[in-house]
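Values quoted throughout were computed directly from the atomic coordinates according to the rules given, and no laboratory measurement underlies them. Just so it is clear, the structure is predicted and the values come from calculations on it, not from any experiment. Note that we place each Cβ from the backbone using ideal geometry, even for glycine, and neighbour counts take in every protein chain shown.
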Amino acid sequence: MRYVLDHDFHVHTQLSPCSSNPEQNPTRILQYAKENNLKTVITTDHYWDERVPCSTKPYGINNETIHKWGPYPQEDGIRMLIGAEADIDFNGILGINRRTCEDFDFILISATHMHMDGFTCRGDETVEERIAMYIRRLEIILNADIPHKKIGFSHPVTPLICYHEQVLDGIPESEFRRLFGRAAELGLGVEINLSSMRDSDDFDDYTQVTPQTHPAMFRPYRIAKEMGCKFFFGSDSHSPSDFLFLKPMAEVLIDQLELKESDKFILS
Ligand SMILES: [Zn+2]
Ligand SMILES: [Zn+2]
């Protein structure tokens, strides 16, 4: 059976420092879920658990702020959950731990935020250094003492890597196989991030990113699928205009990646 798009596991609210749109609030997000027949929608604001000392300058909101919305509005047939998008600092410290995970239904962790100078990187790293960073940061997620079945690896391919196509092309097949094989064993979900698979904010642009035009973007997904990883979709919306991309773009990617319902990451 073909993969059914029934969720969005990556939505920022206006609490994220990079989303100031007042419309990006729980009521509007619930309406979005309803309009798109989504069964599960998860808010994932940028977050650093302040109980974990950061060795650089963290980006994201703290515990008090991320729970500010209080209980989410509920609607029959729609699960709206509170999650977070956590990070790893320049020295390899993960901004969450096992205790943090008890406060959330789901947590995204990014190995690929390599654009946050002074927090996750210096900013002047070469392609070779970024290849090593990608591998090291993903290993930190895989080796962490956290409940991997409620963890998602956010945007494994994204321009945020910087020189991303060269970096992704530079990671050997054997390394991807080893890392994604381990992810599959642990039950960690792999995100198909719609924002990262667009070249621009032009609505028509999403059909231009194909396995033929952007092989570097599709190779990691092919390998992850071969290794048995499970996938979820994330719009990475920062404002309601981003909601428009979800359905049409996800449907194209489901076909391009030949995703079946059995490839879906299920959050229990
Ligand atoms: Zn991100
Ligand atoms: Zn995000």
Three-way shape call for the range 126-268 based on the alpha-carbon gyration tensor, with the a/c threshold at 1.5: oblate
Distance between modelled label sites at ARG222 and VAL4, nm, 7 Å Cα→Cβ extension: 3.0 nm
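If each residue's Cβ is checked for other Cβ atoms within 10 Å, how do PHE243, PHE232 rank with the fewest at the top? Walk me through the numbers on the way to the answer.
Working: PHE243 20, PHE232 26.
Result, fewest neighbours first: PHE243, PHE232.
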Alpha-carbon centroids, the range 85-104 and the range 139-194: separation in whole Å: 16 Å
Spin-label proximity, VAL127 to the range 161-193 - amide N less than 12 Å from point 7 Å beyond Cα toward beta carbon: 163-171
Rg followed by Dmax, in Å, when the chain is reduced to its Cα trace: 17.2, 50
Cβ-Cβ FRET estimate between SER262 and ARG51, R0 fixed at 30 Å, reported to 0.05: 0.20
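For the chain, give me the percentage of DSSP beta bridges that are antiparallel, rounded to the nearest 5 percent. Spell out each step's value before the answer.
Details: 3 of 32 bridges.
Beta bridges within the chain, antiparallel portion: roughly 10 percent.
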Pair TYR163, CYS18: separation of 7 Å Cα→Cβ label points (nm): 2.1 nm
Highest average packing first - 93-102, 123-132, Cβ atoms within 10 Å: 93-102, 123-132
Spatially close lysines, pair count over the chain: Cα under 15 Å, gap of eight or more or interchain: 11
Inter-probe distance in nm under a simple model that places probes 7 Å from Cα toward Cβ, at GLU173 and GLU102: 4.5 nm
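Counting Lys and Arg as +1 and Asp and Glu as -1, each charge on the Cβ, what is the dipole of the range 47-167 about the Cα centre in debye, to the nearest 20? Spell out each step's value before the answer.
Values: 12 positive and 19 negative charges, 45 e Å.
Roughly 220 debye, rounded to the nearest 20.
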The chain: relative contact order in percent, alpha carbon pairs under 8 Å with at least 6 residues between: 21 percent
Mean Cβ neighbour count within 10 Å, used as a protection proxy, ranking 245-255, 50-60 highest first: 245-255, 50-60
Förster-model FRET efficiency, 41 Å R0, GLU75 and ASN143, C-beta, rounded to 0.05: 0.60
Only Lys, Arg (+1) and Asp, Glu (-1) charged, at Cβ; the chain dipole about Cα centre in debye: 780 debye
Cβ-based charge dipole, the range 7-263, positive-most Cα from MET80, THR27, HIS148: HIS148
Residues LEU186, LEU38 arranged by fewest to most Cβ contacts within 10 Å: LEU186, LEU38
Environment charge at ASP205 (Cβ cut-off 10 Å; Lys +1, Arg +1, Asp -1, Glu -1): -3
